[in-house]
1. Tally the residues that are touching a residue at least 40 places away in the same chain (Cβ under 8 Å) and either farther than 20 Å from L59 by Cα or among the aliphatic types (A, V, I, L, M) (or both), restricting the search to segment 238-263.
2. Considering only residues that are touching a strand residue (DSSP E or B) at 6+ places or on another chain (Cβ under 7 Å) and not in a loop (DSSP other than H, G, I, E, B), look in segment 49-99 and name the one that is surrounded by the fewest Cβ atoms within 10 Å (Cβ to Cβ).
3. Does F203 meet the test of being in contact with a strand residue (DSSP E or B) (Cβ under 9 Å, 6 or more places away or on another chain), crowded, with 22+ Cβ neighbours inside 10 Å and within 28 Å of G63 (Cβ to Cβ)?
4. Note down all Cβ pairs under 6 Å where the first residue falls in segment 20-47 and is free of Cβ contacts under 8 Å to residues at least 24 places away in the same chain, the second is of a type in the set (F, W, Y), and they're at least six residues apart or on different chains.
5. Among the residues of segment 208-229, what is the count of those that are buried (at least 22 other Cβ atoms within 10 Å of the Cβ) and assigned to a helix (DSSP H, G or I)?
6. Taking the condition surrounded by fewer than 24 Cβ atoms within 10 Å (Cβ to Cβ), touching a residue at least 60 places away in the same chain (Cβ under 8 Å), acidic (D, E) and part of a loop (DSSP other than H, G, I, E, B), does E184 pass?
Amino acid sequence: MLALLFVDGLGLSHDPRSPLRCLELPTLKTLSQGFSLEPADRPSQAYRVLDAGLGVEGLPQSGTGQTALLTGQNAAQILGFHQGPHPLRSLQALLAQESLQVWARRRGLRVLHANGYRAEYLERVQQSRRNLLSAFGYAARCAGLTLLPLDHPLALPPAFWTAPKAAGRRFAELAREHHLTILENWALDYTAHRAPGELEARFSELDRFVEGFLEASPPVTLVIAADHGNAEEPWHPQHTRNPVPLVVHGPLAKTLPPMRSLTELAPWAREQLSRSGG
């Protein structure tokens, strides 16, 4: 079983001004060897540092980065540029055919897109002629998954948790019941763009959310992945070309091979889900 916690806009930086260096964040720092720029393996835990640039000039963006994570295809090279925030037609076709969610559902696996959405947002998504969903949301819909309202019993707020540890424990509970459970946390990227002075609270919430998940000790492998950098450099509002962290914690961590690119996560996830039947 895999629980994928996707964190939008989390890059790696050794700049002493970075929140990664200034804030305590005990859980995240333990999992990432202090947000190291070097990979590491420990019992039941693996850490990798991934290139978010995908060999394409310019600043990485969410549409191509997330599509690369979910499909294993170099979406930026396919387009010839970085594209975001919402995947357009070419990326939509790729997600509809090759995303991890679609792949898993075709094989009869239990898949949950755990994000809870505001009712007014879901209404806008339905009424709009253009895609308003992230790559994760679009792939979920392509897989036939329901985009859940916030009050649905299987839904989790994806950010701004009033009780982060309890939310993390709930994510662990949901992951026990599904082969693949995905939660898309967009708070760091959103806050870095719009209100960087509030990033400390968002980082702290994320750290406690992960702490709650680990305290629940589910027989589930937790994967924490990101698409591009942003929040690690709050002194400017742009994305960065910094590498991004990949954390794998749990029973399947020992199977994680060396990785250097966003495109390497999906093939590994497919292999593990195939071997275990979930």
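The values are calculated or read from the model by the stated rules, or taken from the named source; none is laboratory data. Note that the structure is a prediction, hence the values are computed from the model and not measured. All Cβ positions, glycine included, derive from the backbone under ideal geometry; neighbour counts span all protein chains shown.
1. Qualifying residue count, segment 238-263: 14.
2. Only one residue tops the list, namely D51.
3. Taking the combined requirement at face value, the residue does not satisfy it.
4. Q33/Y47; A40/Y47
5. 3
6. Criteria not met by E184.
Results for (1) over 15 Å from A3 (Cα atoms); (2) among the charged types (D, E, K, R), shown as yes or no for each residue.
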{"site": "A167", "(1), (2)": "no, no"}
{"site": "F171", "(1), (2)": "no, no"}
{"site": "R176", "(1), (2)": "no, yes"}
{"site": "H179", "(1), (2)": "no, no"}
{"site": "I182", "(1), (2)": "no, no"}
{"site": "A192", "(1), (2)": "yes, no"}
{"site": "G197", "(1), (2)": "yes, no"}
{"site": "E200", "(1), (2)": "yes, yes"}
{"site": "F203", "(1), (2)": "yes, no"}
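Condition check ((1) among the basic types (K, R); (2) touching a Pro at 6+ places or on another chain (Cβ under 7 Å); (3) closer than 17 Å to N74 by Cα) across all residues:
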{"residue": "Q97", "(1), (2), (3)": "no, no, yes"}
{"residue": "A104", "(1), (2), (3)": "no, no, no"}
{"residue": "R110", "(1), (2), (3)": "yes, no, no"}
{"residue": "H113", "(1), (2), (3)": "no, no, no"}
{"residue": "Y117", "(1), (2), (3)": "no, yes, no"}
{"residue": "Y121", "(1), (2), (3)": "no, no, no"}
{"residue": "Q126", "(1), (2), (3)": "no, no, no"}
{"residue": "F136", "(1), (2), (3)": "no, no, yes"}
